[in-house]
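Have a look at the structure below before the remarks.
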Amino acid sequence: MNDSQVRRPWVVGVSGASGTPYAASVIRALLAAGEAVDLVVSRAARLTILDETGIAYRDAHWREDLARWIGTDDLDGVRHWSAGDFAAGPSSGSYPAKGMLVVPATTGAVAGIALGLSKDLLQRAAAVTLKERRPLVVCLRETPLNGVTLKHLVELDAQGAVVLPASPGFYAGGSTARELVDFVAGRVLDAVGVPHALYRRWDGELGAAAKAE
């Protein structure tokens, strides 16, 4: 296998924040764009997936559970890693990943990444992404924010991460929950240059029409 054939996935870390539909949308869009995905689902995220979807996400049956969760069984580009597996590929800087997307991110995950705690594979993979100067997007799903979390977010920005709150934009014409979820997922992919068609982009026409009224 030559260098051009080396698999270089996006690592997607799913933490326990409410908002697992954001992660599902990001994963679907990455696969639709022909990108490989290495998936790390934290223990807390498994409980959130169960609460929000009724799906029990298990290591032993991850392929079937993931297919039910994201709504597609075309998972050839996906590799699953247990959150407790510190020997996993994404735990090493020599593993050829393109970067990492943490979506959704809890305040605990934000703290762990900002402080370099590496309490699980999700945090360790994020630490590796930062030290290797690869793209890292942290999609925080929490409100309101206290001062400690704000400091952690500033620290992540200083280390080169993109801090991207899960804040849907209504100018794209979204009127359903799915459309608003896809808007946030699209902005996550925009941050790392992955093409998608998840939302209608601003082209100035709406603004021009408003000024003319």
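Calculate the length of the line joining the C-alpha centroid of the stretch 179-200 to that of the stretch 114-152, in whole Å.
After rounding, the separation between the Cα centres reads 20 Å.
Which FRET efficiency value, to the nearest 0.05, do you get for Ala177 and Ser94 by plugging their Cβ-Cβ distance into 1/(1 + (r/R0)^6) with R0 = 35 Å? Mind dumping the intermediate values first?
Numbers: r = 41 Å, r/R0 = 1.16.
Efficiency, rounded to the nearest 0.05: 0.30.
Quick check for you: which residues of the stretch 5-34 have the amide N under 14 Å from the point 7 Å beyond the Cα of Asp73 toward its beta carbon?
Those under the cut-off are none; the list is empty.
Kindly rank 178-185, 14-21 from highest to lowest mean number of other beta carbons found within 10 Å of each residue.
Numbers: 178-185: 21.2, 14-21: 24.5.
Sorting 178-185, 14-21 by mean packing, highest first, produces 14-21, 178-185.
How many lysine pairs in the stretch 55-213, separated by 8 or more positions in sequence or lying on different chains, have Cα atoms less than 29 Å apart?
6
How do the peptides 127-135, 56-64, 110-118 rank, highest first, by the average count of neighbouring beta carbon atoms within 10 Å per residue?
Details: 127-135: 18.1, 56-64: 13.7, 110-118: 20.2.
Final packing ranking: 110-118, 127-135, 56-64.
Counting only residues 5 or more places away or on other chains, whose amide H sits under 5 Å from the amide H of Ala105 once H atoms are built in the peptide plane?
Cys139, Leu140, Arg141
Would you mind classifying the stretch 1-132 by shape? Square roots of the alpha carbon gyration tensor eigenvalues, ordered a ≥ b ≥ c; an a/c under 1.5 is rounded, otherwise it is prolate if a/b is larger than b/c and oblate if not.
Numbers: a/c = 1.74, a/b = 1.08, b/c = 1.61.
The shape class here is oblate.
How large is ³J(HN,Hα) for each residue in the stretch 91-101, as worked out from phi by the Karplus curve 6.51 cos²θ - 1.76 cosθ + 1.60 (θ = phi - 60°), to whole Hz, x for Gly and Pro?
For the stretch 91-101, the Karplus curve yields 7, 10, x, 7, 6, x, 8, 7, x, 9, 10 Hz.
What are the residues whose amide H is under 5 Å from the amide H of Gly99, where those residues sit 5 or more places off or on another chain and H is modelled from the backbone?
HN-HN under 5 Å from Gly99: Val11.
On a full-extension model of 0.36 nm per residue, what is the gain between Thr53 and Gln5, subtracting their alpha-carbon distance, rounded to one decimal in nm?
Numbers: separation 48, 0.36 × 48 = 17.28 nm, distance 3.62 nm.
Full extension of this stretch gives 13.7 nm more.
If the only charges are +1 at each Lys and Arg Cβ and -1 at each Asp and Glu Cβ, what is the size of the charge dipole of the chain around the Cα centre, to the nearest 20 debye? Walk me through the numbers on the way to the answer.
Numbers: 22 positive and 23 negative charges, 84 e Å.
Charge dipole of the chain: 400 debye, to the nearest 20.
Relative contact order, percent, of the chain when contacts are C-alpha pairs under 8 Å separated by at least 6 residues? Write out the running numbers ahead of the final one.
Details: 371 pairs, mean separation 45.4, N = 213.
Once divided by the residue count of the chain, the mean separation gives 21 percent.
Once phi is turned into ³J(HN,Hα) by the Karplus curve 6.51 cos²θ - 1.76 cosθ + 1.60 with θ = phi - 60°, what whole-Hz value does each residue of the stretch 127-138 show in order, with x for glycine and proline?
4, 5, 4, 5, 5, 8, 6, 9, x, 10, 10, 10
Laboratory data are not the source of any read-out in this text; all were calculated from the coordinates shown. All of these numbers come straight from a predicted model, not from anything done at the bench. Note: ideal-geometry Cβ built from the backbone for every residue, glycine included; neighbour counts use all protein chains shown.
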